[in-house]
Amino acid sequence: MSIHKKLRQLQQQKSGLVAQSSEILQKESLTDEDVASVKSKQDEVTKLNAQIEALQAQIELEASMEPVHTLEADDKPTGGHAEPKKPVFSSFGEQLKAIISSGTPGNDVDPRLLEIHAAASGGAAAIPSDGGYMIQSDFAQGIIKNTYDTGLLASRCMQVEIGPNSNGLISNTVDETSRATGSRMGGIQVYRANEADTVTGKKPKFGKIEQKLEKLMGIAYMTDELMEDATALESIYYQGFSDEFAFVLDDEIFRGNGAGQCLGFLNAEATIVVNKESGQDPDTVVKENIDNMWSRMRARNRANAVWLINQEIEPQLENLQMGIGTGGVPVYMAPGGIADTPLARLKGRPVIPIEQASALGDLGDINLVDLSEYLLIKKGGLKQDSSIHVRFIYGENTLRFTMRNNGQPIPRKPITPYKGTKMLSPFVTLQAR
């Protein structure tokens, strides 16, 4: 058995033991047998760690002894601990070619890929047990930046970068579900001095947001002929994967189910669904819908809120008017009109057509949201793997890109207002019609 295969087996065995221990410890009450079982598994993990470290050290030693023909003498890997003095690959396309070649049976792994992985991980030069090669830092950051910056929704979210030693985020938040006196900030209350002798002690209530990083993967095929053209690889796959990652991430922020992916605001408990008007015709939007949605957006969130719509709704919005005497004024301000902005406006807030919005008449076709109340966690680094087997008979290589992220709305539930009876939220949508 090869050292790499043995290492993968030990890492998988360790992961299984850790998962089993975690499952036991999550019980409401632990028996003596439970404690003994966890202790036994922890001892096994300690032994596995020693074996894993020994294998990684051996792999590192072997990698450092491999001849490097494609680098200058001063730029050879030093066992995986030194950062490259200059970019190892001159282009993204060149690295893709190296990855595909290294994944072809009978070919040696390009030592430049080992150098990049060693620099990124700060450890052994071995390829990680879950497969794939790290994309060179400057290429990876370009793709990742495009994903989060060009996405119409992701770019508006609160984004948090997860550190290298963490697999998720647990953040403490104020558990505020009501603005009634005694409930603000989860329970803080103040009094005038002459009332102090009769007051009841209050304290804030805190909650937790727990998110685990999940993998987002992209798949594409590449012909043998295209593989020979590094320039074409650069333009097609760099931009293509950036755009596709951004699109899917936006779609999850909008309607994700939260199972191994982001929880979209459309499926969140905090989102308010405004009822349609009595007798309202199917597939229509009327002024009362807009007014009612606006009234349910929490006042403090209005300045940052945007309307997310399916563009099929635009003809409906164009005809909305607010009656004044025998005439009226438009409710919807088209781009470049009275609002004098690149985006149309409703209630003074931008109207953004997005592909992810539901079809006209369905739940989610028009939405009013403040995405600064949506928490998006991410972890830097982009992996790419290849295979010649999936599409072998077609003369094609299969490419797989992987990044890790997750997201969910910050508020757990709609908020009860200080005065009034209608619940408020940073996420509002309209009932299906």
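The values are calculated or read from the model by the stated rules, or taken from the named source; none is laboratory data. The structure displayed is predicted, hence computed values, not measured ones. Counting neighbours? That spans all protein chains shown, and the Cβs are built from the backbone with ideal geometry, glycine included.
Is there a residue in segment 342-354 that is farther than 28 Å from GLY168 by Cβ and at pLDDT below 75?
Yes: segment 342-354 contains one or more residues that are farther than 28 Å from GLY168 by Cβ and at pLDDT below 75.
Residues PHE265, PHE254, PHE245: which one is at pLDDT below 95, among the hydrophobic types (A, V, I, L, M, F, W, C) and either touching an Asp or Glu at 6+ places or on another chain (Cβ under 7 Å) or crowded, with 19+ Cβ neighbours inside 10 Å (or both)?
Numbers: PHE265 fails: at pLDDT below 95; PHE254 fails: at pLDDT below 95.
Answer to the selection: PHE245.
Looking at (1) modelled with pLDDT under 65; (2) under 32 Å from the mean Cα position of the chain (by Cα); (3) exposed (fewer than 11 other Cβ atoms within 10 Å of the Cβ), which is the one condition that is false for GLU72?
Among (1) modelled with pLDDT under 65; (2) under 32 Å from the mean Cα position of the chain (by Cα); (3) exposed (fewer than 11 other Cβ atoms within 10 Å of the Cβ), the lone unmet condition for GLU72 is (2).
Mind listing just one residue for me: the one in segment 275-315 that is in a loop (DSSP other than H, G, I, E, B) and without any contact (Cβ under 8 Å) to a residue 12 or more places away in the chain and, of those, farthest from THR421 (Cα to Cα)?
Within segment 275-315, the match that is farthest from THR421 (Cα to Cα) is GLY279.
State all residues of segment 407-424 that are within 18 Å of LEU371 (Cα to Cα) and in a loop (DSSP other than H, G, I, E, B); if no residue qualifies, say none.
Within segment 407-424, ILE410, PRO411, ARG412, LYS413, PRO414 qualify.
Find all pairs meeting these conditions: Cβ atoms under 6 angstrom apart; at least six residues apart or on different chains; first residue within segment 250-274 and part of a loop (DSSP other than H, G, I, E, B); second residue at pLDDT 95 or above and among the aromatic types (Phe, Trp, Tyr).
That search, which allows pairs on different chains as well, returns GLY264/PHE254; ALA270/PHE427; THR271/PHE265; THR271/PHE427.
For GLN239, work out the one condition from (1) under 18 Å from ILE354 (Cβ atoms); (2) at pLDDT below 90; (3) surrounded by fewer than 21 Cβ atoms within 10 Å (Cβ to Cβ) it doesn't fulfil.
(1)
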